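**Q** Take this structure first; my questions come after.
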Amino acid sequence: MISGNNTPRLHAETSVVSGAPAIEKLARLICAYAPHDGGFELRIPGLNASRFSRVNKECVHALRLPSLCIVAQGAKTVIVGQEVYEYDASQMIVFSVALPVAAQITQASHSEPYLALRLDLDPHKIAELVLKVYPHGLRPGVGYLSASQFSREYSRFFGSAPTKDIARLRQDTRPWV
């Protein structure tokens, strides 16, 4: 999402977990699939588990692709531009577009490692969903300084003009899953 000042935005959401047992169960499951420090691709395409037993002394710089990140244990700080987002087992973070980030695990130990899941999001599926939710399109300029800026950014990210994708998706009669 882009704010009115053209700055990419992240969504840090407070989760509504009915109790600690659910998050503890998730932590146990992540431990089973991430037996040592590192990142692990799971059997479900686009689902990854991470385990780290120590905090980072320095930020790690990366390009974070669209994804949903859930921490089951420990904590992490993500910096995007001038914005700082801290999240732990009580929150999740959603990257709706690819963003350069600096990240740092801030809470982890050998006895209680940082444990997280990341679900990669397909930008084309997101675009299809937006078209289904907003069949007449978003009002001009939502999140961008101008419609032409949106069109340029969309074309750069998806490889074709938004009008072409809208026409293609409107002709596609397959159900969206």
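**Q** Select from region 48-67 the residues that are part of a strand (DSSP E or B) and surrounded by 15 or more Cβ atoms within 10 Å (Cβ to Cβ) and list them in ascending order.
**A** Residues satisfying the conditions are N48, A49, S50, R51, F52, R64, S67.
**Q** Consider R64 carefully, then state whether it is modelled with pLDDT of 95 or more and among the basic types (K, R).
**A** no
**Q** While we're looking at this one, here's another question. For region 67-89, how many residues meet the condition of being modelled with pLDDT of 90 or more and either under 28 Å from P45 (Cβ atoms) or charged (D, E, K, R) (or both)?
**A** 16
**Q** Could you tell me whether any residue of region 43-50 is touching a Gly at 6+ places or on another chain (Cβ under 7 Å) and closer than 12 Å to Y114 by Cβ?
**A** Of region 43-50, the ones touching a Gly at 6+ places or on another chain (Cβ under 7 Å) are 48, 50.
Applying the additional criterion that residues be closer than 12 Å to Y114 by Cβ yields 50.
Checking region 43-50: at least one residue is touching a Gly at 6+ places or on another chain (Cβ under 7 Å) and closer than 12 Å to Y114 by Cβ.
**Q** Can I ask one more? Look at V101 and say whether it is surrounded by 17 or more Cβ atoms within 10 Å (Cβ to Cβ), modelled with pLDDT under 95 and either part of a loop (DSSP other than H, G, I, E, B) or β-branched (V, I, T) (or both).
**A** In short, yes.
**Q** Conditions: (1) touching a strand residue (DSSP E or B) at 6+ places or on another chain (Cβ under 6 Å); (2) touching a residue at least 24 places away in the same chain (Cβ under 8 Å). E41 meets all but one. Number of the miss?
**A** (2)
**Q** Out of all the residues in region 44-88, which are farther than 21 Å from L121 by Cα, in contact (Cβ under 8 Å) with a residue 60 or more places away in the chain and small (G, A, S)?
**A** S53, G81 - these are the residues of region 44-88 that are farther than 21 Å from L121 by Cα, in contact (Cβ under 8 Å) with a residue 60 or more places away in the chain and small (G, A, S).
**Q** Something else: What pairs come out if I take residues in region 107-129 that are crowded, with 18+ Cβ neighbours inside 10 Å and pair them with residues that are among the β-branched types (V, I, T) whose C-beta lies under 6 Å away, six or more apart or interchain?
**A** Pairs that qualify, where the first residue is crowded, with 18+ Cβ neighbours inside 10 Å and the partner is among the β-branched types (V, I, T), are A108/V55; Y114/I105; L115/I30; A116/V71; L117/I70.
**Q** State yes or no: is S111 within 24 Å of L29 (Cβ to Cβ), at pLDDT 90 or above, in the same structural domain as P35 (by TED's automatic domain parsing) and assigned to a loop (DSSP other than H, G, I, E, B)?
**A** Details: within 24 Å of L29 (Cβ to Cβ): yes; at pLDDT 90 or above: yes; in the same structural domain as P35 (by TED's automatic domain parsing): yes; assigned to a loop (DSSP other than H, G, I, E, B): yes.
Judged against the criteria, S111 is a match.
The values are calculated or read from the model by the stated rules, or taken from the named source; none is laboratory data. Note that this is a predicted model, so its numbers are computed, not measured. Here the Cβ is made from the backbone with ideal geometry for all residues, glycine too, and neighbour counts use every protein chain on show.
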